[in-house]
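The values are calculated or read from the model by the stated rules, or taken from the named source; none is laboratory data. Being a predicted model, the structure only gives us computed values, none of them experimental. Cβ coordinates were reconstructed from backbone atoms using ideal geometry, including for glycine residues, and neighbour counts include every protein chain displayed. The accessibility values were calculated without ligands, DNA or RNA, using every heavy atom of the protein model including side chains. Shrake-Rupley method; radii C 1.70, N 1.55, O 1.52, S 1.80 Å.
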Amino acid sequence: MRQFTLLFLSLFFAASAQAATISKGPYLQRVTETGITVSWQTDSSSSGHVEVSGGPQVLVINTEGKGTLHNADVTGLVANTPYSYKVFVDGKDSGQSGNFISAKPSNKAFRFLVYGDNRTQHTQHEKVVAAMMKEQDIGFVLNTGDMVSSGQKESHWQTFFEIETKMLRNWPFFGAVGNHEEHDGHADNFVKYFNPPPDGTDTYYAFTYSNTRFIVLDGHIEIDNPIVCFVSQQIAEDCFNEKQMTWLNAELTKANNNDKIKHVLIATHIGPYSSKPGRNGSGQMRALLDTFKANKVKVVLSGHDHYFEHGISGNGLHYIITGGGGAPLYETKPDQSLLYPHEVLVSNSIHNFLVVTVAGDWVEVIAKDLDGKVVDSFEIGTAPACIEAKDCEGEKSGPCPGTWTCTDGYQCLWACEPGASCSAASDCTEKQP
């Protein structure tokens, strides 16, 4: 009997030692030109590391000690370069891997996706993610909040990651905290799972991608109560606390003084307006619109209302509500929402996401439904001649064998093949990139 017990215990502990498997992820965060964070959670305590290949050498990044939540901060990357990675648990290949492209420098065009309010209807959430994954050349995804129904429930986060893992293992994630992530003035699980860039706090932050500064605001944790708001800002509802306001103003000033930053995009959960009956949007966001307009802000991105809306604020600034990521759709009545000066251009009660392209001084925003159908689009600035070489294919070829390229200035350029003959020496010399 004693031998049987010892055998049972040895087998039990051996099985336990091998039991650690990935339960959430892997998923990507904090992408920059030179680094990225690979995150995952295991069902029991384990050690972990990541192997990254694609550059001049294979990078091996260990996580800190043993635990269940792992963040591998990868450094030493080359900008705008494709990489692949593998996750190892307790020294063994977990079978979980992915691919990513490091962030693009300021002279390169980029594309990203925006969505929000995924909670509750998991089938619709899955459909939104499936539609998003059909897009090409995506640098990252940005979520406007309310990823789960109840932020304090681990089971809700488990469902979120199960639905999104295939997407987030290949595209870096940035998220805004929503009211459903907040519980009793905290957003513990949001903070636990997501590591924002160092410019800010756990729930509001900023990051730069190419020539654009993204400012993600927190309207639910770092806020003051309505009495303090009314006394300090004459806003009779929750408002950003002094700490967040000071940080925001400093961020806007820095971006405004940086010649490499051409655009600032604001993301938050509740935007300045609402067409849902009984709602008016955020008074705090309305109060900031003139400040935004004066500081390179081109678009305000938000969720909270479960539909798609594109409008123009009273000072001419574009705003978008993209809260159609899976939650039950709301009724929208824009004709009844004009309490504050703004113009509603499109407002549809549909599940949706955004495809945003930035190239130089140009920004294009396209809203799509679950079938990939375009429901709205608009441009800010003048569209460039090209973003990539294939955009030049309709142009007349040059006088020598070669190929089209798209320059850093977004102009089509015919590049002669090495040693190609031309009708004149200047033909090749002038057209070489």
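Just a few scattered comments:
- The range 109-123: number of residues that are out of contact with any Pro (no Cβ under 8 Å at 6 or more places or on another chain) and surrounded by 15 or more Cβ atoms within 10 Å (Cβ to Cβ): 10
- For the range 231-281, a residue qualifies if it is over 16 Å from H310 (Cα atoms), small (G, A, S) and either surrounded by 19 or more Cβ atoms within 10 Å (Cβ to Cβ) or free of Cβ contacts under 8 Å to residues at least 24 places away in the same chain (or both), and the qualifying residues are S232, A250, A255, G278.
- Residues of the range 374-394 satisfying the condition of being charged (D, E, K, R) and in a loop (DSSP other than H, G, I, E, B): E388, E393
- Checking each residue in the range 349-370 for being part of a strand (DSSP E or B) and out of contact with any Pro (no Cβ under 9 Å at 6 or more places or on another chain) picks out F353, L354, V355, V356, T357, V358, V363, E364, V365, I366, A367, K368.
- Qualifying residue in the range 346-359 (condition: over 21 Å from the mean Cα position of the chain (by Cα) and more than 21 Å from D117 (Cβ to Cβ)): no
- Subset of the range 336-384 (residues that are of a type in the set (G, A, S) and more than 19 Å from S210 (Cα to Cα)): S337, S347, S349, A367, G372, S377
Quick grid of which residues meet (1) modelled with pLDDT of 95 or more; (2) open to solvent by less than 80 Å² (accessible area, probe 1.4 Å); (3) not in a strand (DSSP E or B):
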| site | (1), (2), (3) |
| --- | --- |
| S347 | yes, yes, no |
| G372 | no, yes, yes |
| K396 | no, no, yes |
| S426 | no, yes, yes |
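- Whether a residue is open to solvent by 50 Å² or more (accessible area, probe 1.4 Å), under 18 Å from Y193 (Cα atoms) and basic (K, R) was assessed, and K127 does not pass this test.
- Within the range 142-195, being within 24 Å of A206 (Cα to Cα), open to solvent by 10 Å² or more (accessible area, probe 1.4 Å), over 13 Å from the mean Cα position of the chain (by Cα) and hydrophobic (A, V, I, L, M, F, W, C) holds for one residue alone: V191.
- Inside the range 214-241, residues that are in contact with an Asp or Glu (Cβ under 8 Å, 6 or more places away or on another chain), within 19 Å of A176 (Cα to Cα) and not in a loop (DSSP other than H, G, I, E, B) make up a count of 5.
- Candidates S53, S106, filtered to the one that is farther than 30 Å from F353 by Cβ and open to solvent by less than 60 Å² (accessible area, probe 1.4 Å): S53
- Residues located in the range 25-50, provided they are open to solvent by less than 30 Å² (accessible area, probe 1.4 Å), part of a strand (DSSP E or B) and farther than 13 Å from S97 by Cα: Q29, I36, T37, Q41, T42, S46, G48
- If you check I235, I221, I163 for being at pLDDT 95 or above, touching a helix residue (DSSP H, G or I) at 6+ places or on another chain (Cβ under 6 Å), of a type outside the set (K, R) and closer than 23 Å to I321 by Cβ, only one passes: I163.
- Scanning the range 196-205 for residues that are out of contact with any helix residue (DSSP H, G or I) (no Cβ under 7 Å at 6 or more places or on another chain), open to solvent by less than 40 Å² (accessible area, probe 1.4 Å) and in a strand (DSSP E or B) returns a single hit, Y205.
- G95 being open to solvent by 30 Å² or more (accessible area, probe 1.4 Å), over 17 Å from the mean Cα position of the chain (by Cα) and within 20 Å of E164 (Cβ to Cβ): yes
- Residues of the range 130-165 that are over 18 Å from D184 (Cα atoms) and in a loop (DSSP other than H, G, I, E, B): M133, K134, E135, Q136, D137, I138, G139, T144.
- Residue count for the range 283-306, restricted to those that are open to solvent by less than 20 Å² (accessible area, probe 1.4 Å) and either more than 18 Å from V114 (Cβ to Cβ) or not hydroxyl-bearing (S, T, Y) (or both): 13
- If you go through the range 206-224 and keep only what is under 16 Å from M285 (Cα atoms) and open to solvent by 10 Å² or more (accessible area, probe 1.4 Å), you end up with G219, H220, I221, E222, I223, D224.
- Condition broken by A79, with the remaining ones in (1) closer than 24 Å to K166 by Cβ; (2) touching a Pro at 6+ places or on another chain (Cβ under 6 Å) satisfied: (1)
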